[in-house]
Amino acid sequence: MRVCLKEDLEKTENLSMNKKYIVYSVETSINGEKFFRVENDINQVVPYSISLFKVVSDKVNSDWILWNKPNNSSALLPKQFAYLSFWEDYYNDELEALKIFNLVKEQLFQEELEENEVREIFEIENEGEITFVLNVLFKTKDNRFINQAIQYVKTKVGKNYGIDNTTLLAFQYLSLFNQSEVEDYFLYYLTNIELGNDRLTAVVNEYFS
């Protein structure tokens with residue numbers, strides 16, 4: 001499920017007009033108020049009144065359940081979230097809750113995000129989102145974004161921004177595909193010794209072995 005702000009609203013803190021947000025739960029309080037829990041523009045997962053939004057995709061994964069809580073509130077949410085301390089654990093950075101959330105987020109991301117949105121994430125160079133995207137693309141072996149990944153690593157390696165785990169992940173993603181664009185870039189990398197990095201070079205050497 002995805003939502004966006006209604007067009008007639010004034011600016012809402014940490015939410016943007018014309019941006020689509022993935023819904024992580026649809027919640028109903030004891031007094032009947034309804035909320036969408038979404039990840040806002042500063043990467044906080046927060047419940048917002050449904051009155052702020054219009055639904056742009058009402059697709060609900062088969063893993064979602066209607067959970068009636070002991071306090072007479074309820075939530076429509078992934079079954080993995082359906083235990084009383086989940087959100088408290090998540091906000092307290094408990095490792096198991098974070099792991100569960102990220103696995104669900106990856107699944108919803110894969111199902112919901114459109115190609116142009118993924119390309120935009122690469123273009124705006126949001127490192128956190130790029131890392132998340134690359135993890136999903138690597139796990140699913142999705143080859144639609146090879147050119148975006150190549151452009152990303154060209155920028156990082158070519159301008160000596162430093163080699164971090166995201167750059168390594170981009171190389172590992174590219175190494176999944178036996179395509180001319182990947183081969184051409186990896187050959188370029190190998191022939192420019194000044195750009196070299198042991199971890200990246202190991203990925204490229206394995207690609208050609």
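The values are calculated or read from the model by the stated rules, or taken from the named source; none is laboratory data. The structure displayed is predicted, hence computed values, not measured ones. Quick reminder, even Gly has a Cβ in these numbers, built from the backbone with ideal geometry, and neighbours come from all protein chains shown. The protein model used for the area step is the full one, side chains on, heavy atoms only, and it has no ligands, DNA or RNA in it. Shrake-Rupley method; radii C 1.70, N 1.55, O 1.52, S 1.80 Å.
Summary of values
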| quantity | calculated |
| --- | --- |
| Exclusive hit being in a strand (DSSP E or B), within 23 Å of GLU129 (Cα to Cα) and open to solvent by 60 Å² or more (accessible area, probe 1.4 Å), set VAL46, VAL23, VAL56 | VAL56 |
| Selected residue (criterion: nearest to VAL26 (Cα to Cα)) from residues of the stretch 92-101 that are without any contact (Cβ under 8 Å) to a residue 24 or more places away in the chain and not small (Gly, Ala, Ser) | ILE100 |
| Matching residues in the stretch 43-52 - criterion: being within 21 Å of the chain's Cα centre (by Cα) and at pLDDT 90 or above | GLN44, VAL45, VAL46, PRO47, TYR48 |
